[in-house]
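Visitor: The structure follows.
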Amino acid sequence: MLFRSTGDPKWAEITQTLVSSMGILAGLDMDVSHLDQAVGLLTGVSGRTDPDRGRAAMTRGALGTLLMQRALFTASGDDLNSGIDHLTASYDLSPAGHPYRVAAGLNLAGALLMRFLEFGQAEDVDAARFYLNMADSLAGPTGDEVRSLMTDVDMIIAGNRGLLGIVDGMRGD
């Protein structure tokens with residue numbers, strides 16, 4: 001019954017909570033079927049108009065992150081490209097200066113580096129560097145807010161910067 005109601009905007013917060021929980025479950029038990037359920041549910045709600053731009057950005061970002069995770073499990077280039085598209089939309093929907101914009105950019109940087117390693121698109125490296133440079137704004141209150149949105153932000157930044165260094169080395173830089 002809940003799955004029929006998720007398209008209704010009044011269920012938006014509950015839907016996000018449900019999808020987040022399903023995504024965590026999929027990540028913990030590495031079960032693609034759980035991930036497929038979460039992607040299916042979020043695909044259904046991410047296309048609807050949401051008057052709250054922040055929530056719309058988070059919904060698109062969650063879908064992008066789940067598609068990226070599924071691409072890791074299944075080696076699907078289509079999921080990776082769709083994930084990047086949704087993460088880009090999430091970044092663009094986030095209001096300037098909003099902590100979620102930084103979080104979306106960090107997720108996007110990782111996805112772009114992953115796509116470079118898979119397909120060798122050089123422009124992905126420059127774009128990833130742009131989004132990683134936003135992490136420089138993680139001092140003070142903004143940093144605290146981003147850390148409340150993402151777990152292990154500092155490890156994600158360090159990992160992405162390390163991956164960027166490897167990619168630069170592969171390119172001869």
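Visitor: Go through (1) over 21 Å from ARG60 (Cα atoms); (2) at pLDDT below 80 for ARG161 and report which single condition fails.
Guide: Among (1) over 21 Å from ARG60 (Cα atoms); (2) at pLDDT below 80, ARG161 violates only (2).
Visitor: Residues in the range 71-98 that are buried (at least 22 other Cβ atoms within 10 Å of the Cβ) and either over 21 Å from ARG129 (Cβ atoms) or not hydroxyl-bearing (Ser, Thr, Tyr) (or both): how many?
Guide: Step one: of the range 71-98, the residues buried (at least 22 other Cβ atoms within 10 Å of the Cβ) are 71, 80, 83-84, 86-87, 90-91, 94.
Within this subset, residues satisfying the condition of being either over 21 Å from ARG129 (Cβ atoms) or not hydroxyl-bearing (Ser, Thr, Tyr) (or both) are 71, 80, 83-84, 86-87.
Residues that pass the stated criteria total 6.
Visitor: Got a number for residues in the range 33-58 being modelled with pLDDT of 75 or more, open to solvent by less than 50 Å² (accessible area, probe 1.4 Å) and either in a loop (DSSP other than H, G, I, E, B) or among the β-branched types (Val, Ile, Thr) (or both)?
Guide: Residues meeting the conditions: 1.
Visitor: Please enumerate the residues belonging to the range 83-102 that are without any contact (Cβ under 8 Å) to a residue 24 or more places away in the chain and of a type in the set (A, V, I, L, M).
Guide: Selection gives ALA96 alone.
The values are calculated or read from the model by the stated rules, or taken from the named source; none is laboratory data. Bear in mind that the values here come from a model prediction, so they are computed numbers and not experimental data. Note that we place each Cβ from the backbone using ideal geometry, even for glycine, and neighbour counts take in every protein chain shown. When the accessible area is computed, the model is the full protein with side chains, heavy atoms only, and any ligands, DNA or RNA have been set aside. Shrake-Rupley method; radii C 1.70, N 1.55, O 1.52, S 1.80 Å.
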